[in-house]
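Colleague: First the structure, then my questions, so here it is.
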There are 2 protein chains.
Amino acid sequence: MSESDLPVVRMAHGRWGDPARETHLPAAALDALRHLGARPMPPAAPAPELPAPADALVTALAAIVGAAQVKTDSETRWRHTRGYSTPDLLRDRAGDTTDAPDLVVLPGSHDEVQALLTACTELGVAVVPYAGGTSVVGGLAPDRQGYDAVVAVDLARLDQVIEVDEISRTATLQAGLRGPAAEAELAARGFTLGHFPQSYEGASIGGYAATRSSGQSSAGFGRFDQMVVGLTVATPRGTIQLGRAPHSAAGPDLRQLFLGSEGAFGILTSVVVRIRPRATERVFEGWRFPTFETGLDAVRRLAQDGPLPTVLRLSDEAETAINLADPDVLGSGGPGGCVAICGFEGSRIGTRRAEVAEVLQAAGGEPLGEGPGETWRRGRYNAPYLRDPLLDEGALVETLETAGFWSALPGLKAAVTEALVKALSDQGTPPVVLCHISHVYETGASLYFTVLCAQTEDPIAQWARAKQAACDAIGRTGGTITHHHAVGTDHRPGYEAEIGPLAIEVLQAVKSVLDPARTMNPGILIPPPS
Amino acid sequence: MSESDLPVVRMAHGRWGDPARETHLPAAALDALRHLGARPMPPAAPAPELPAPADALVTALAAIVGAAQVKTDSETRWRHTRGYSTPDLLRDRAGDTTDAPDLVVLPGSHDEVQALLTACTELGVAVVPYAGGTSVVGGLAPDRQGYDAVVAVDLARLDQVIEVDEISRTATLQAGLRGPAAEAELAARGFTLGHFPQSYEGASIGGYAATRSSGQSSAGFGRFDQMVVGLTVATPRGTIQLGRAPHSAAGPDLRQLFLGSEGAFGILTSVVVRIRPRATERVFEGWRFPTFETGLDAVRRLAQDGPLPTVLRLSDEAETAINLADPDVLGSGGPGGCVAICGFEGSRIGTRRAEVAEVLQAAGGEPLGEGPGETWRRGRYNAPYLRDPLLDEGALVETLETAGFWSALPGLKAAVTEALVKALSDQGTPPVVLCHISHVYETGASLYFTVLCAQTEDPIAQWARAKQAACDAIGRTGGTITHHHAVGTDHRPGYEAEIGPLAIEVLQAVKSVLDPARTMNPGILIPPPS
């Protein structure tokens, strides 16, 4: 089965992924959790009843999109409440309704989005753009202080492939289109986008663009921001359209000002992306390195001197031992050392595969064959499914990620690990900290951490302390506060420290032009002017 | 001889390039010019005497950089007057002093730059950042209306390689460092930057960054903006430092807001760039295609499906016939059809070369061997040297460039050519219009035009009409107003039309934050608020 055959998943609120694919923990994992001190949680609170929104607001927005596309019922609004970080799930379980939108509107065109932003600005209500809903950084929880209401603008109806230019190899995709639907439509014409983040089953094109997403095939296909050659954004002040050529020297690349803007300036309604011919061949294989250092050196060689596989990942010793990629054997141990996964997709991949093997072998790697590769590929979207049963069992499990230049990575990894271990041990819940590299560049790479420990009485505060310690360590050791999860509300302090107060003022000035009433996603990405 | 062996050229004012390498036109070219109606121009006006600047200004700036680094003499100021577009050279020849700075200061550190910007803001004088001085778009001719004086801040003393990180393969380069000096220093450590624009002999690292330069090896090394992973910019409001990782999802990529900002927000004092190991092998070869269309199809195949040579260029029929690359045979005709140049640099280039040959042959290409390739390589920085003798002989010669998506390129090329031919024929000077592709991407490519005709009585106005017609054609047919020459003052109308009034307001807002008194390069890139 290839990525274009996967269905779009409509997630249940408060639990990740396809409800039909609920994952159960193996006995070995349960034993390990008991050993960590985890005790089962009480069941989640039932979906709450939410107070009805003001009639005038409903009428005003219905005049733009039609009454049928304005949803005021509690169930729809609860489904559009916050995202999927562990704190989000914990708030959901506690029945916390503070982030619930007052209503959900579903525009059917760019012009309707534009009209909605104008109307919401006039009405003094806040807008939270919503597409896949898979944020893990508080990107769907705007600051509602000072607003009469919060309106979730769900882009689900903007789900079309508008145009495919087979000569230029570009496709114009609407923002509400989900990853699997985009792949299926492109596959029918012989193309692929090649963007497969872990949130692939539910995430959307607009979300990829607004958060600078990076997918598991980034070694071969690049990041999403590298795929975008054009975009259209509706702002409260009007529409901006950018991208008349792949690259230009006409001033700053303003496409890069809207990519990563997280709905704070407006709503990206469509993007023009580079597409490529569908792969005709595919091989995934595993490699073992004696230590993380040797593995790091090997993946760096591939990133700097090539050739690059389509997928390239390296787990550290702890992650290799836990073997998160394969829930069936979770906690049952692994092959030891550090496992790397190399995936090849394309045509005539044999030569590239042989050259990669030569580099890895010279760097001390031992081939494990296609078994571990295929296991990883089949399970590539599964890890987040484990989080809910782990939470059920009283474990706290969460991830965080950063990136840095190659020479900084060992120090960055050590500092973040130490910070997490200390912050959680100090709370009486010593954690397991796993790490992998999943995105490589010539000059550096990402580091992705998974943390697992027992919950305390207040797991939201417990994690907040650990996350703060990790973010401080990232700041101290020169990493970026996020490599592919975006800023949202959770990373705002680290982001402000990273770019500095003058650059924050620049963003505030841009927002003042495009969104003078601060209608768009207040409190997300950009702090209010002081 | 490789690029790292070339010396930095200190150009004479008003004539391109190394004065010792003055180029003479072959007899065949002179005959052709007479046929076009060109008649020799009068000799250039002598270098003018400029009025002395205000003592108070000199004293204030000398307090920051020392008296020896404040130059008030006419010769130095005339050398820092405007750039090297054909209209610039014509103004120089006419002795037009309107763009001359009142003084030239040479700061020795980032902190001195920062202090200069603060002081100039307080004093109400405009600042024009100056490094290589090779602008061809009016990027060194700020609007002096409303300012007591214009100060050229020459970055020549910021010419150091500050750091080389061999693990991360990055180098921190100061803005005033020239291309050949950077290559020589990196070569001594076994590395190359790989950025070789036609202005290479004189242009600077800071200029590359401020204008989003793209070099002749862009197929292999990418554009300069793709090489930059970090930067430091001094603005009148303070310093901003960006780039803690190769890529990040922490908000918009603000590096891309300063790359291409053309000194309108501040002065880039250093950048961190990706470097690569020096090439151990090098081959340049020529290919002939029967038509531009078949050649276009062939280079598109390489850009989209690979492999890419390090250098990839395709001349149209007219450019192939004129053979600009080889001044020795200029005007003596060429091999017919359309010639492409493929250059390979790196290690183990044999396989790549064979694969490229397979693609080109399948696309209808005929190999011409290394002769034309080596001729192009040796002459790669020579074409601009021809402009001065051509101007001497009464010819008008100028270039312009654009880029677009592949499917738009044939229409774009036809429209620009037609506009130039019509605008110049209507003035009684029918031109020769040559075109080549020299920068390719998966989704599109650049188009570079060279125009040659006889001068009228007022060649500046003559070219302005032709350029306007070409820019209108670019706007109508979907190209960008500049692929690698930047906006400056010349492209401002086309730029405003390209990104639209709301995006212009965004740039004005950014400028208001960083440069509230509009000290920096007034009138360049960004129009004043209306």
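Colleague: Can you find, within region B:151-160, the residue that is nearest to the other protein chains (Cβ to nearest Cβ) among those that are assigned to a strand (DSSP E or B) and within 22 Å of the chain's Cα centre (by Cα)?
Modeller: Residues of region B:151-160 that are assigned to a strand (DSSP E or B), as a first pass: B:151-154.
If we keep only those that are within 22 Å of the chain's Cα centre (by Cα) too, we end up with B:152-154.
Numbers: B:Ala152: 22, B:Val153: 20, B:Asp154: 23 Å.
Looking at residues that are assigned to a strand (DSSP E or B) and within 22 Å of the chain's Cα centre (by Cα), I get B:Val153.
Colleague: In addition: Tell me, please, whether a residue that is farther than 28 Å from A:Gln114 by Cα, modelled with pLDDT of 95 or more and at the interface with chain B (Cβ under 9 Å from one of its Cβ atoms) can be found in region A:447-459.
Modeller: no
Colleague: A follow-up question, please. When residues of region A:472-503 are filtered for being under 20 Å from A:Ala141 (Cα atoms) and assigned to a helix (DSSP H, G or I), how many remain?
Modeller: Number of matching residues: 5.
Colleague: Something else now. Taking region B:9-23, which residues are open to solvent by 50 Å² or more (accessible area, probe 1.4 Å), over 15 Å from B:Val397 (Cα atoms) and at pLDDT 85 or above? If you could, list the steps in order and put the result at the bottom.
Modeller: Taking region B:9-23 as the starting set, the residues that turn out to be open to solvent by 50 Å² or more (accessible area, probe 1.4 Å) are B:10, B:15, B:19-22.
Subset that is over 15 Å from B:Val397 (Cα atoms): B:10, B:19-22.
Selection gives B:Pro19, B:Ala20, B:Arg21.
Colleague: From (1) modelled with pLDDT under 95; (2) under 19 Å from the mean Cα position of the chain (by Cα), pick out the condition that doesn't hold for A:Asp148.
Modeller: The one condition A:Asp148 does not meet is (2).
Colleague: Being assigned to a helix (DSSP H, G or I) and among the small types (Gly, Ala, Ser) is the filter; apply it to region A:48-60 and report the residue that is least open to solvent (accessible area, probe 1.4 Å).
Modeller: Step one: filter region A:48-60 for residues assigned to a helix (DSSP H, G or I), giving A:55-60.
From what is left, the residues that are among the small types (Gly, Ala, Ser) are A:56, A:60.
Numbers: A:Ala56: 76, A:Ala60: 34 Å².
Applying the filter and picking the extreme gives A:Ala60.
Colleague: Considering region B:355-386 alone, what residues qualify as being assigned to a helix (DSSP H, G or I) and open to solvent by 60 Å² or more (accessible area, probe 1.4 Å)?
Modeller: Within region B:355-386, B:Glu355, B:Glu358, B:Gln361, B:Ala362, B:Glu370, B:Arg378 meet the criteria.
Colleague: Pick from A:Val128, A:Val137, A:Val113: which is open to solvent by less than 20 Å² (accessible area, probe 1.4 Å), modelled with pLDDT of 95 or more, assigned to a loop (DSSP other than H, G, I, E, B) and not acidic (Asp, Glu)?
Modeller: Just one listed residue meets the conditions, A:Val137.
Colleague: Find the residue count for region B:400-421, including only residues that are more than 14 Å from every other protein chain (Cβ to nearest Cβ) and among the polar types (S, T, N, Q).
Modeller: Count: 1.
Colleague: So, one more: Please determine, by comparing only the residues of region A:495-505 that are within 7 Å of chain B (Cβ to nearest Cβ) and more than 25 Å from the chain's Cα centre (by Cα), which one is least open to solvent (accessible area, probe 1.4 Å).
Modeller: It comes out as A:Leu502.
Colleague: If you don't mind, there's one more thing I want to ask. Which of the residues that make up region A:167-185 are surrounded by fewer than 23 Cβ atoms within 10 Å (Cβ to Cβ) and more than 14 Å from chain B (Cβ to nearest Cβ)?
Modeller: Listed by number, the residues that qualify are A:Pro180, A:Ala181, A:Ala184, A:Glu185.
Colleague: Right, something else. Under 6 Å by Cβ, and 6 or more places apart or on different chains, what pairs join a residue from region A:462-485 that is farther than 25 Å from A:Pro197 by Cα with one that is of a type in the set (S, T, N, Q)?
Modeller: A:Gln462/A:Gln427; A:Gln462/A:Thr456
Colleague: Inside region B:512-530, can you point out the residues that are more than 9 Å from chain A (Cβ to nearest Cβ) and either assigned to a helix (DSSP H, G or I) or more than 15 Å from B:Asp143 (Cα to Cα) (or both)?
Modeller: Once the filter is applied, which keeps residues that are more than 9 Å from chain A (Cβ to nearest Cβ) and either assigned to a helix (DSSP H, G or I) or more than 15 Å from B:Asp143 (Cα to Cα) (or both), region B:512-530 yields B:Asp515, B:Pro516, B:Ser530.
Colleague: For residues in region B:61-99 being in a loop (DSSP other than H, G, I, E, B) and within 15 Å of B:Ser135 (Cβ to Cβ), which is most open to solvent (accessible area, probe 1.4 Å)?
Modeller: Restricting to residues being in a loop (DSSP other than H, G, I, E, B) and within 15 Å of B:Ser135 (Cβ to Cβ), the top hit is B:Asp99.
Listed here are the residues, each with its yes/no results for (1) in contact with a helix residue (DSSP H, G or I) (Cβ under 6 Å, 6 or more places away or on another chain); (2) part of a strand (DSSP E or B); (3) open to solvent by 10 Å² or more (accessible area, probe 1.4 Å); (4) among the β-branched types (Val, Ile, Thr).
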{"residue": "A:Thr232", "(1), (2), (3), (4)": "no, yes, yes, yes"}
{"residue": "A:Pro252", "(1), (2), (3), (4)": "yes, no, no, no"}
{"residue": "A:Gly260", "(1), (2), (3), (4)": "no, no, no, no"}
{"residue": "A:Leu268", "(1), (2), (3), (4)": "yes, yes, yes, no"}
{"residue": "A:Val273", "(1), (2), (3), (4)": "yes, yes, no, yes"}
{"residue": "A:Arg288", "(1), (2), (3), (4)": "no, yes, yes, no"}
{"residue": "A:Thr294", "(1), (2), (3), (4)": "no, no, yes, yes"}
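Colleague: I would also like to ask the following. Just need a number here: residues in region B:422-443 that are more than 20 Å from the chain's Cα centre (by Cα) and within 14 Å of another protein chain (Cβ to nearest Cβ).
Modeller: 2
Colleague: With in a helix (DSSP H, G or I) and touching a strand residue (DSSP E or B) at 6+ places or on another chain (Cβ under 9 Å) as the only criterion, which of A:Leu452, A:Leu420 stands out?
Modeller: Just a single option satisfies the conditions, and that option is A:Leu420.
The values are calculated or read from the model by the stated rules, or taken from the named source; none is laboratory data. From a predicted model like this one, the values you see are computed outputs, not experimental measurements. Here Cβ is always computed from backbone atoms with ideal geometry, including for glycine, and neighbour counts include all displayed protein chains. Protein only, heavy atoms only, side chains kept; ligands, DNA and RNA dropped before computing areas. Shrake-Rupley method; radii C 1.70, N 1.55, O 1.52, S 1.80 Å.
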